[in-house]
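Undergrad: Handing you this structure, nothing more for now.
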């Protein structure tokens, strides 16, 4: 199958909803743009941290969180365009070895926030193989909802990481589902969820 074959790809909202079903106490960090909309559409929770303007930073924010909160599973959900910007971050995650960390890349082969131009993953780059080569404990690519359902329990684990997951999604643009865009509110809500005093 061609990487660019839209007919064989997952619906992004269905994929994220299935991934986060029964998420429990997982802390979820989202990347810029569409991954934030997808996670919000699957349910707004105090333990969601939406990164509105930090393109390239979601994976490393998640790394810091995983190291600071080793008793909580941490899931980062971002896009292929953002993760391509942060390839060095994959190496840093690999050498720090956060056991409670999962990086999920919604891979539609497009730079969705800048007009839908083809990304490197539409031209043959396999990010899950890059993550494996950099030393992630596990790196998989999922193409079916049933595969996501089978994988979902991995997200709750506090051992076995870092894990990398590519979800091959269709290059479409569903309507935006917008969470609060007040950074102070989101930060304080998330801090309170972690048990820190917020004034």
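The values are calculated or read from the model by the stated rules, or taken from the named source; none is laboratory data. Worth saying up front: this structure is predicted, and the values here are computed from it rather than measured. Note that we place each Cβ from the backbone using ideal geometry, even for glycine, and neighbour counts take in every protein chain shown.
Undergrad: Under the condition of being closer than 20 Å to residue 168 by Cβ and touching a residue at least 60 places away in the same chain (Cβ under 8 Å), which residue from the stretch 37-68 is nearest to the chain's Cα centre (by Cα)?
TA: So the residue we want is 38.
Undergrad: Just wondering, is there one or more residues in the stretch 61-72 that are under 21 Å from residue 129 (Cβ atoms) and at pLDDT below 95?
TA: Restricting attention to the stretch 61-72, the residues satisfying the condition of being under 21 Å from residue 129 (Cβ atoms) are 62-63.
Adding the requirement that they be at pLDDT below 95 leaves none.
No.
Undergrad: Still on this structure, please answer the following. Out of all the residues in the stretch 152-160, is one or more over 17 Å from the mean Cα position of the chain (by Cα), outside any helix (DSSP H, G or I), free of Cβ contacts under 8 Å to residues at least 40 places away in the same chain and surrounded by fewer than 18 Cβ atoms within 10 Å (Cβ to Cβ)?
TA: The answer is no; no qualifying residue exists.
Undergrad: Could I ask something else about it? Within the stretch 84-102, is even one residue over 20 Å from residue 38 (Cβ atoms), assigned to a strand (DSSP E or B), within 14 Å of the chain's Cα centre (by Cα) and modelled with pLDDT of 95 or more? Working first, answer last.
TA: Going through the stretch 84-102, the residues over 20 Å from residue 38 (Cβ atoms) turn out to be 87-100.
If we keep only those that are assigned to a strand (DSSP E or B) as well, we get none.
Among the residues of the stretch 84-102, not one is over 20 Å from residue 38 (Cβ atoms), assigned to a strand (DSSP E or B), within 14 Å of the chain's Cα centre (by Cα) and modelled with pLDDT of 95 or more, which makes the answer no.
Undergrad: Only one of these is part of a loop (DSSP other than H, G, I, E, B) and closer than 26 Å to residue 110 by Cβ: 53, 24, 62. Name it. Break it down into steps so the answer makes sense when it comes.
TA: Details: 24 fails: closer than 26 Å to residue 110 by Cβ; 62 fails: part of a loop (DSSP other than H, G, I, E, B).
Within the list 53, 24, 62, the selection yields 53.
Undergrad: Just wondering, is there one or more residues in the stretch 107-119 that are out of contact with any helix residue (DSSP H, G or I) (no Cβ under 8 Å at 6 or more places or on another chain), at pLDDT 95 or above and surrounded by fewer than 16 Cβ atoms within 10 Å (Cβ to Cβ)?
TA: No: zero hits.
Yes or no, residue by residue, for (1) under 23 Å from residue 192 (Cα atoms); (2) crowded, with 23+ Cβ neighbours inside 10 Å; (3) at pLDDT 95 or above:
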{"site": "1", "(1), (2), (3)": "no, no, no"}
{"site": "4", "(1), (2), (3)": "no, no, no"}
{"site": "8", "(1), (2), (3)": "no, no, no"}
{"site": "14", "(1), (2), (3)": "no, no, yes"}
{"site": "17", "(1), (2), (3)": "no, no, yes"}
{"site": "30", "(1), (2), (3)": "yes, yes, yes"}
{"site": "33", "(1), (2), (3)": "no, no, no"}
{"site": "39", "(1), (2), (3)": "yes, yes, yes"}
{"site": "42", "(1), (2), (3)": "yes, no, yes"}
